[in-house]
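Asks: The structure is given below, and queries will be raised subsequently.
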């Protein structure tokens with residue numbers, strides 16, 4: 001079997017141990033411990049991955065990042081987030097606030113109705129799925145119209161029912 005990976009001496013053994021102990025979270029601790037085990041324990045990536053319950057590829061990635069960039073190499077940010085957005089978050093909020101005003105005035109807002117407004121803002125027609133994801137991102141929910149009008153007077157309705165002339169069925 002080949003020798004374990006060599007760790008570039010960015011830190012002394014004592015500094016490395018202190019660096020591992022001062023990890024801010026679990027993932028950072030795992031990464032730092034993988035470096036420490038590879039350096040001090042001279043374990044192979046397979047053994048380190050078994051001990052830490054991570055993949056062998058993750059250990060090789062962490063060792064490579066540490067060797068190239070030092071301790072700062074392990075603090076890189078992941079690739080998450082919206083990288084292919086048609087509109088910025090603020091543009092989406094501005095659009096939805098205009099739509100909310102129309103909805104509060106009683107206009108029925110469906111995804112198909114919103115599609116036209118989104119197309120005007122974008123300058124091209126997006127998919128209906130894009131509109132659904134847009135609404136979901138901003139926590140818009142599917143709400144049904146109210147069962148009765150807000151200003152409806154139940155007493156007047158009952159009075160009308162009692163006092164209106166009876167219409168006969170087909171005579």
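The values are calculated or read from the model by the stated rules, or taken from the named source; none is laboratory data. Values in this document were obtained by computation on a predicted structure and should not be read as measured data. Cβ coordinates were reconstructed from backbone atoms using ideal geometry, including for glycine residues, and neighbour counts include every protein chain displayed.
Asks: Please determine, by comparing only the residues of the range 7-45 that are surrounded by fewer than 16 Cβ atoms within 10 Å (Cβ to Cβ) and touching a residue at least 12 places away in the same chain (Cβ under 8 Å), which one is farthest from residue 75 (Cα to Cα).
Replies: Selected residue: 42.
Asks: Right, here's the next one. Out of all the residues in the range 49-60, which are more than 9 Å from residue 5 (Cβ to Cβ) and crowded, with 16+ Cβ neighbours inside 10 Å?
Replies: So in the range 49-60, the residues more than 9 Å from residue 5 (Cβ to Cβ) come out as 49-58.
Of everything in the range 49-60, those that are more than 9 Å from residue 5 (Cβ to Cβ) and crowded, with 16+ Cβ neighbours inside 10 Å turn out to be 49, 52, 54, 58.
Asks: So which residues in the range 105-115 are without any contact (Cβ under 8 Å) to a residue 24 or more places away in the chain and either at positive phi or assigned to a helix (DSSP H, G or I) (or both), if there are any at all? Walk me through how you get there before you give the answer.
Replies: At the first step, the residues of the range 105-115 found to be without any contact (Cβ under 8 Å) to a residue 24 or more places away in the chain are 105-107, 109-110, 112-115.
Matches in the range 105-115: 106, 112, 113, 114, 115.
Asks: Would you be able to tell me the number of residues in the range 26-42 that are in a loop (DSSP other than H, G, I, E, B) and at pLDDT 90 or above? Full working, then the answer.
Replies: Of all residues in the range 26-42, those in a loop (DSSP other than H, G, I, E, B) come to 40-42.
Those left that are additionally at pLDDT 90 or above: none.
Matching residues across the range 26-42 total 0.
Asks: Go through the range 77-96 and report how many residues are without any contact (Cβ under 8 Å) to a residue 24 or more places away in the chain and within 19 Å of the chain's Cα centre (by Cα). It would help to see each step written out before you state the result.
Replies: Step one: list which residues in the range 77-96 are without any contact (Cβ under 8 Å) to a residue 24 or more places away in the chain, which gives 77-85, 88-90, 94.
Filter once more, so that each one left must be within 19 Å of the chain's Cα centre (by Cα): 77-85, 88-90.
Qualifying residue count for the region: 12.
Asks: Being modelled with pLDDT under 90, closer than 30 Å to residue 133 by Cα and part of a helix (DSSP H, G or I) is true for just one of 102, 98, 83. Which residue is that?
Replies: That would be 102, the only listed residue that is modelled with pLDDT under 90, closer than 30 Å to residue 133 by Cα and part of a helix (DSSP H, G or I).
Asks: Pull up the range 110-125, narrow it to residues that are over 15 Å from residue 88 (Cβ atoms) and touching a helix residue (DSSP H, G or I) at 6+ places or on another chain (Cβ under 8 Å), then point me to the one that is surrounded by the most Cβ atoms within 10 Å (Cβ to Cβ).
Replies: Applying the filter and picking the extreme gives 114.
Asks: Go through the residues of the range 57-75 one by one and say whether even a single one is under 30 Å from the mean Cα position of the chain (by Cα) and part of a loop (DSSP other than H, G, I, E, B). Give the derivation first.
Replies: Narrowing the range 57-75 to residues under 30 Å from the mean Cα position of the chain (by Cα): 57-66, 69, 71-75.
Now drop any that are not part of a loop (DSSP other than H, G, I, E, B), which leaves none.
No: the range 57-75 contains no residue that is under 30 Å from the mean Cα position of the chain (by Cα) and part of a loop (DSSP other than H, G, I, E, B).
Asks: Do we have residue 25 as within 25 Å of the chain's Cα centre (by Cα) and within 30 Å of residue 130 (Cα to Cα) here? Write out each step before concluding.
Replies: Details: within 25 Å of the chain's Cα centre (by Cα): yes; within 30 Å of residue 130 (Cα to Cα): no.
No.
Asks: Going by the conditions given, is residue 118 outside any helix (DSSP H, G or I) and at pLDDT 90 or above? Lay out the reasoning, then the answer.
Replies: Details: outside any helix (DSSP H, G or I): no; at pLDDT 90 or above: yes.
No; evaluated as a whole, the condition is false for this residue.
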